[in-house]
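S.K.: Take this structure first; my questions come after.
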Ligand SMILES: C[S@@+](CC[C@H](N)C(=O)[O-])C[C@H]1O[C@@H](n2cnc3c(N)ncnc32)[C@H](O)[C@@H]1O
């Protein structure tokens with residue numbers, strides 16, 4: 001198994017503080033918009049990729065979905081398990097480029113603030129598309145291009161956000177249809 005140098009160690013180190021930290025980066029508005037565009041249905045299965053401590057997972061469980069949460073960081077997953085342990089939750093340690101989830105097995109894949117950490121965003125997107133059932137939905141919430149160098153140095157971000165045209169191209173290249181790229185209207 002490979003991982004981005006420094007990134008796993010960083011998230012292992014901040015895991016117990018992540019729920020507090022993340023509030024200064026993004027709000028609940030982000031996940032509500034992600035759920036809305038996905039058109040969630042109770043009883044379906046969702047993957048939360050780069051789940052961290054379960055910001056996205058939490059709402060999915062509340063809405064009656066089964067969730068497979070994947071993260072490179074054992075400490076982040078441990079925080080998630082101890083906060084939200086449920087028969088509907090399956091936590092798996094894994095990497096962006098080789099997700100520990102079968103082909104065509106989930107109805108939805110979510111990835112919040114994860115893509116800017118991976119070495120190859122198009123490969124990570126292809127991998128998330130691989131696990132979707134036919135007709136499944138991928139929802140990625142991440143940053144527009146920015147110049148906050150601190151995120152690259154302190155948080156081990158690999159990408160200073162993304163150009164929306166690149167995201168569209170990568171989604172289409174991975175075989176997705178009906179691609180929408182827009183703003184959540186939050187920071
Ligand atoms: C900024 S945090 C976001 C966590 C969570 N999605 C949230 O919204 O609070 C990024 C997460 O992605 C995970 N991550 C980063 N690179 C990864 C990779 N290559 N494979 C798997 N997980 C990764 C980190 O361990 C971390 O938990």
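The values are calculated or read from the model by the stated rules, or taken from the named source; none is laboratory data. Note that this is a predicted model, so its numbers are computed, not measured. In this analysis, Cβ positions are derived from the backbone assuming ideal geometry, glycine residues included, and neighbour counts consider all displayed protein chains.
S.K.: Looking for whichever is surrounded by 13 or more Cβ atoms within 10 Å (Cβ to Cβ) and either closer than 25 Å to residue 104 by Cβ or modelled with pLDDT under 95 (or both) here; the options are 41, 46. Which one fits? Walk me through how you get there before you give the answer.
M.R.: Details: 41 fails: surrounded by 13 or more Cβ atoms within 10 Å (Cβ to Cβ).
Step by step, each of 41, 46 is checked, and only 46 is surrounded by 13 or more Cβ atoms within 10 Å (Cβ to Cβ) and either closer than 25 Å to residue 104 by Cβ or modelled with pLDDT under 95 (or both).
S.K.: Looking only at the range 136-154, which residues are over 16 Å from the mean Cα position of the chain (by Cα) and surrounded by 17 or more Cβ atoms within 10 Å (Cβ to Cβ)?
M.R.: Correct list: 151 only.
S.K.: For the range 79-88, which residues satisfy the criterion of being touching a helix residue (DSSP H, G or I) at 6+ places or on another chain (Cβ under 7 Å) and closer than 24 Å to residue 13 by Cβ?
M.R.: Residues satisfying the conditions are 79, 80, 84.
S.K.: Considering only residues that are more than 10 Å from the ligand (Cβ to nearest atom) and assigned to a helix (DSSP H, G or I), look in the range 107-122 and name the one that is nearest to the chain's Cα centre (by Cα).
M.R.: 121
S.K.: In addition: I'm told residue 38 meets every condition in (1) in contact with a strand residue (DSSP E or B) (Cβ under 6 Å, 6 or more places away or on another chain); (2) within 24 Å of residue 102 (Cα to Cα); (3) within 13 Å of the ligand (Cβ to nearest atom) except one. Can you identify the failing condition by its number?
M.R.: Checking residue 38 against (1) in contact with a strand residue (DSSP E or B) (Cβ under 6 Å, 6 or more places away or on another chain); (2) within 24 Å of residue 102 (Cα to Cα); (3) within 13 Å of the ligand (Cβ to nearest atom), the one that fails is (3).
S.K.: Report whether or not residue 101 is under 13 Å from the mean Cα position of the chain (by Cα) and surrounded by 16 or more Cβ atoms within 10 Å (Cβ to Cβ).
M.R.: Answer is no for this residue.
S.K.: What number of residues within the range 73-90 are surrounded by fewer than 22 Cβ atoms within 10 Å (Cβ to Cβ) and under 26 Å from residue 122 (Cα atoms)?
M.R.: 2
S.K.: Can I ask one more? So which residues in the range 94-106 are in contact with a helix residue (DSSP H, G or I) (Cβ under 6 Å, 6 or more places away or on another chain) and near the ligand (Cβ under 10 Å from one of its atoms), if there are any at all? Break it down into steps so the answer makes sense when it comes.
M.R.: The initial filter retains those residues of the range 94-106 that are in contact with a helix residue (DSSP H, G or I) (Cβ under 6 Å, 6 or more places away or on another chain), namely 96-97, 99, 103.
Hits for the range 94-106 are 96, 97, 99.
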